[in-house]
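The values are calculated or read from the model by the stated rules, or taken from the named source; none is laboratory data. Quantities reported herein were computed from a predicted structural model and do not represent experimental measurements. Neighbour counts are summed over all protein chains in view; Cβ atoms, including those assigned to glycine, are modelled from backbone coordinates with ideal geometry.
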């Protein structure tokens, strides 16, 4: 699978973005609404059109970064939200970033990467989070495709990727998914373990 910059940019150029809800995902909206610290540094990897970033921006969060391979997707966000700082829109590969954050938001990125990269995703998220940082978001809790995104999975599988690096606070069926995803999503919140307890193999 060659899920490269050209592949993803063409999807946005042709509006072949069936994963895009056109609005913020309700479980993430509910999570954001209970956050009080507007100075949190937040990363949304593979953010695409990033309705989540738009929502956070208008809620007054000051340090929201979006990384995506597609320049078209990032420009779509900038067009909708002209006041969103261009320097916070990162056209790059998530795995190449050298930055740290308080919070990483997962919304349809994990299911878009080659499943072989899932262990590397867990490691990279751990490395990019500050002490007590969290990875929060949604994961598909159903088997989907084998040869192209979106790729599904199960709670049992996901726990194995994350447990070396994170303490699980929440991982449960989302109760407020949109109708088309009802019963098919896990909402999760996991917190970075203390560095001293991690042994990279």
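When you go through (1) surrounded by 18 or more Cβ atoms within 10 Å (Cβ to Cβ); (2) within 25 Å of residue 178 (Cα to Cα) one by one for residue 122, which number turns out not to apply?
The failed condition is (2).
Among (1) in contact with a helix residue (DSSP H, G or I) (Cβ under 6 Å, 6 or more places away or on another chain); (2) modelled with pLDDT of 95 or more, where does residue 42 come up short?
Among (1) in contact with a helix residue (DSSP H, G or I) (Cβ under 6 Å, 6 or more places away or on another chain); (2) modelled with pLDDT of 95 or more, the lone unmet condition for residue 42 is (1).
Any idea which of 2, 98, 9 is on the phi < 0 side of the Ramachandran plot, in contact with a helix residue (DSSP H, G or I) (Cβ under 9 Å, 6 or more places away or on another chain) and part of a loop (DSSP other than H, G, I, E, B)?
Only one candidate qualifies: 98.
Sort out which residues of the range 158-171 are surrounded by 13 or more Cβ atoms within 10 Å (Cβ to Cβ) and touching a residue at least 12 places away in the same chain (Cβ under 8 Å), and write them in order of number.
158, 159, 161, 162, 164, 165, 166, 167, 168, 171 - these are the residues of the range 158-171 that are surrounded by 13 or more Cβ atoms within 10 Å (Cβ to Cβ) and touching a residue at least 12 places away in the same chain (Cβ under 8 Å).
Being surrounded by 14 or more Cβ atoms within 10 Å (Cβ to Cβ), farther than 26 Å from residue 151 by Cβ and out of contact with any strand residue (DSSP E or B) (no Cβ under 6 Å at 6 or more places or on another chain) narrows it down to one residue among 84, 32; which is it?
84
Quick check on my filter: what residues within the range 12-26 are at pLDDT 75 or above, in a loop (DSSP other than H, G, I, E, B) and surrounded by 12 or more Cβ atoms within 10 Å (Cβ to Cβ)?
Result: 23, 24, 25.
How many residues are crowded, with 20+ Cβ neighbours inside 10 Å and either without any contact (Cβ under 8 Å) to a residue 40 or more places away in the chain or part of a helix (DSSP H, G or I) (or both) if we restrict to the range 41-56?
6
Going residue by residue through the range 138-149, is there one that turns out to be under 15 Å from the mean Cα position of the chain (by Cα), under 18 Å from residue 40 (Cα atoms) and surrounded by fewer than 21 Cβ atoms within 10 Å (Cβ to Cβ)?
No; the residues of the range 138-149 include none that is under 15 Å from the mean Cα position of the chain (by Cα), under 18 Å from residue 40 (Cα atoms) and surrounded by fewer than 21 Cβ atoms within 10 Å (Cβ to Cβ).
All but one of (1) surrounded by 14 or more Cβ atoms within 10 Å (Cβ to Cβ); (2) out of contact with any helix residue (DSSP H, G or I) (no Cβ under 9 Å at 6 or more places or on another chain); (3) within 25 Å of residue 132 (Cβ to Cβ) hold for residue 108; which doesn't?
(3)
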